[in-house]
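The values are calculated or read from the model by the stated rules, or taken from the named source; none is laboratory data. As the structure is a prediction and not an experimental result, all values here were calculated from the model. Ideal geometry is used to build each Cβ from the backbone, glycine not excepted, and the neighbour counts take in all protein chains shown.
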Amino acid sequence: MSDTQTLRLARLINMAALFALIGVLAGSLHLQFGVGEQPCPLCLVQRSAMIGLAVGPMMNLLWGMKPAHYALSILAALVGSAGSIRQILLHINDPMGTGYGPAVMGYHLYTWALITFIVAIAGIAVVLLWNRPFTINDPGVLASVSRGIRVSGLVALLWAILWATVELVVITVAVLPECGLGMCPDDPEPIGGLGDSVGWVFIAVTGLIALIAAVMVDRSLARRAAARS
């Protein structure tokens with residue numbers, strides 16, 4: 001496998017991981033805005049850890065493949081795992097035994113979050129065994145584009161990065177009405193959701209906004225490259 005093929009595959013793996021995390025975060029946002037289920041403090045810890053988990057792939061795509069970027073994702077996954085385990089144990093000891101929030105295929109979302117974090121840690125460990133991407137001096141998308149180097153699938157890469165950023169902004173802003181500047185309530189009251197269908201439309205709109213922004217950035221970069229040449 002050539003250096004170009006190695007780099008393309010490494011970027012594809014990171015992009016796929018980023019889209020998977022976008023899907024997880026989209027589900028949590030739909031639960032909040034579509035269903036009206038406000039996140040609890042431990043839910044916010046897990047949601048923040050999902051964002052931290054996405055930071056590693058984003059950094060790998062923007063600034064090049066580095067073990068340190070993967071390490072940040074592992075640390076975020078460990079924090080998220082601690083929050084998930086804490087919530088699971090709390091509800092194991094709950095005499096009512098109903099758990100918090102809806103269940104998906106028999107498991108509550110904090111259990112699925114723990115599974116996600118464990119799979120992420122195992123996946124990153126496997127990727128770290130593949131040393132080749134770290135030895136080819138990947139400059140990252142930003143440096144490559146600034147040097148006039150064509151990046152394969154740039155729109156998709158930008159879309160993944162921008163969509164994750166949009167979801168980060170939405171999650172951050174959404175915390176303020178619930179928690180303000182103080183502690184978040186342990187058992188927040190449900191709010192009037194937008195409805196199941198409208199909730200998914202809201203998620204789709206965030207993706208569309210990110211896609212439009214990615215296309216605009218790609219075209220701007222293409223114009224700059226043409227002007228330099």
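Here the condition is being under 23 Å from TRP63 (Cα atoms), β-branched (Val, Ile, Thr) and in contact (Cβ under 8 Å) with a residue 60 or more places away in the chain; of VAL198, VAL145, it holds for VAL145 alone. If a residue must be surrounded by fewer than 20 Cβ atoms within 10 Å (Cβ to Cβ) and either free of Cβ contacts under 8 Å to residues at least 12 places away in the same chain or farther than 16 Å from GLY83 by Cα (or both), how many such residues does region 34-47 contain? Total meeting the criteria: 2. The one condition from (1) free of Cβ contacts under 8 Å to residues at least 60 places away in the same chain; (2) small (Gly, Ala, Ser); (3) surrounded by 11 or more Cβ atoms within 10 Å (Cβ to Cβ) that GLY182 does not meet is (3).
For beta carbons closer than 7 Å, sequence separation of 6+ or different chains, a first residue in region 151-170 that is within 14 Å of LEU221 (Cβ to Cβ) and a second that is part of a helix (DSSP H, G or I) and hydroxyl-bearing (Ser, Thr, Tyr), the qualifying pairs are VAL151/SER144. Might you let me know whether region 149-172 holds any residue that is modelled with pLDDT of 90 or more, in a loop (DSSP other than H, G, I, E, B) and more than 23 Å from THR206 (Cβ to Cβ)? No, region 149-172 contains no residue that is modelled with pLDDT of 90 or more, in a loop (DSSP other than H, G, I, E, B) and more than 23 Å from THR206 (Cβ to Cβ).
Determine whether region 67-77 contains at least one residue that is farther than 22 Å from VAL175 by Cβ, of a type in the set (A, V, I, L, M, F, W, C) and over 15 Å from the mean Cα position of the chain (by Cα). Yes, region 67-77 contains at least one residue that is farther than 22 Å from VAL175 by Cβ, of a type in the set (A, V, I, L, M, F, W, C) and over 15 Å from the mean Cα position of the chain (by Cα). No other residue among LEU62, LEU72, LEU78 is assigned to a helix (DSSP H, G or I), in contact (Cβ under 8 Å) with a residue 60 or more places away in the chain and aliphatic (A, V, I, L, M) apart from LEU62. Note on region 121-139: residues that are at pLDDT 85 or above and on the phi > 0 side of the Ramachandran plot total 0. Close Cβ contacts (under 6 Å, 6 or more residues apart or on different chains) running from residues in region 202-216 that are of a type in the set (Phe, Trp, Tyr) to residues that are surrounded by 13 or more Cβ atoms within 10 Å (Cβ to Cβ) comprise PHE202/PHE33. Looking only at residues in region 81-120 that are small (Gly, Ala, Ser) and at pLDDT below 90, the one that is farthest from ILE22 (Cα to Cα) is GLY97. Checking each residue in region 1-31 for being of a type in the set (S, T, N, Q) and either under 14 Å from the mean Cα position of the chain (by Cα) or modelled with pLDDT under 85 (or both) picks out THR4, ASN14, SER28.
What do you reckon, is ILE51 within 30 Å of VAL145 (Cβ to Cβ) and in a helix (DSSP H, G or I)? Answer is yes for this residue.
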